[in-house]
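Colleague: Sharing a structure here in structure tokens format.
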Amino acid sequence: MNRALERVLLATDSSRDAALAARAAADICQKSGAKLSVVHVWQATPSAHMRSFVRSSFKRLAQEKLDAEVQNLRNIGVSSVEPHLVEGKPADGVLDLAEELDADLIVLGSRGLGPVGRLALGSVAEGVTYHAPCPVLVSRGGESSWPPGRVVFAYDGSQTSWEAAEAAASLCADNGENGVEGLIVQAYPRLPEVDKEGRESDARMVEDDMRLQEKALMQRAGELEAILGVRPKPRLAVGDAASRILEVAAEESPERTLVALGSRGLGTVGRMTLGSVSAKTLRAAQGPVLVHPTSERPA
């Protein structure tokens, strides 16, 4: 990562995916020595006439959930946990606390329980990932999803995607005796065209261009080896970036495959929004996803 991992913020709501996130956060903090903060954001049913005892009941239940998560983290080996009970909208509460604590990483489950039941990607997870000031690890998959046995680094030549790759390599370094497998993937939207009107591709031109791209990927793979401990295999793929990334991730043990990529694009309200590749990958991946916010600004 760009700086040493010092503070991890775990967002919990007592859901199944939140339990997976807790295990991941505990593992990361135990390996890195980072401090762990855990937050539960509660929101009372909106009513101008809510009686005080009803409000107190909501808060008490929220505190019980937070206390249970803190105890669970201690049971799995995290000696020091800093709890935070926050009232408000869940995504905003997590984001505001992350900024207040200057968190280096946010960890949360991909699906929580809301008023309409489970969603394909929970609105809280999506909102936090879209607007986070730091990398976000979204947990999903089965009990064996963390630590991952495989990492797919989605690289597109941008600084943001490279920072995502470095962050993921740092999180997955020294994963067990057998280590972790890695692939660094760059999607080629289309082949170079020599005849713009006929939309024809020159075979030699394509070969030369692909060779240059592969050489660049091999260099990046060598840089990641210094962090990850093993050299990721480089792979060029032609076609829609999100589809190619998801296909590669699904090739082997998809629930234990971490996909790392950067977010792209800036919204009109100051906080970042995900680009289409990040959004599609986040919604469809079967295993955990690490999304790194962009530091790039439009000219």
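Colleague: Kindly report, to the nearest 10 Å², the accessible surface of H40 as traced by a 1.4 Å probe over protein heavy atoms only.
Modeller: It works out to around 10 Å².
Colleague: Sticking with this structure for a sec: I'd like the accessible area for K65: 1.4 Å probe, protein heavy atoms, all chains in place, Å² to the nearest 10.
Modeller: 90
Colleague: Now for a separate question. So how exposed is M218, as accessible area in Å² (1.4 Å probe, rounded to 10)?
Modeller: 100
Colleague: Here is a follow-up. For the stretch 125-180, what is Rg from Cα atoms divided by 2.2 N^0.38 Å, rounded to two decimals?
Modeller: My calculation over the Cα atoms of the stretch 125-180 gives 1.25.
Colleague: Would you pull out the residues with amide H under 5 Å of W42's amide H, same chain only if 5 or more places away, H placed 1.01 Å from N?
Modeller: Result for W42 returns V86, E87, G88.
Colleague: So which lysines pass the test for K233, namely a Cα distance under 17 Å, with those fewer than 8 places away in the same chain ruled out?
Modeller: Cross-link targets: K215.
Colleague: What is the set of long-range amide H partners of L10 at a cut-off below 5 Å, with H atoms built 1.01 Å from backbone N?
Modeller: S37, V38, V39, V107
Colleague: Under a point spin-label approximation (7 Å from Cα along Cα-to-Cβ), what is the M210-R235 distance to one decimal in nm?
Modeller: Placing both labels 7 Å along Cα→Cβ, they lie 1.5 nm apart.
Colleague: Under a crude label model (7 Å from the Cα following the beta-carbon direction), how far is M218 from S52 in nanometres?
Modeller: 7.4
The values are calculated or read from the model by the stated rules, or taken from the named source; none is laboratory data. Treat the numbers as computed from the prediction; the structure is a model and nothing was measured. We place every Cβ from the backbone using ideal geometry, glycine too, and count neighbours over all the protein chains shown. Quick note on the areas: whole protein, heavy atoms, side chains included, nothing else; ligands and nucleic acids left out. Shrake-Rupley method; radii C 1.70, N 1.55, O 1.52, S 1.80 Å.
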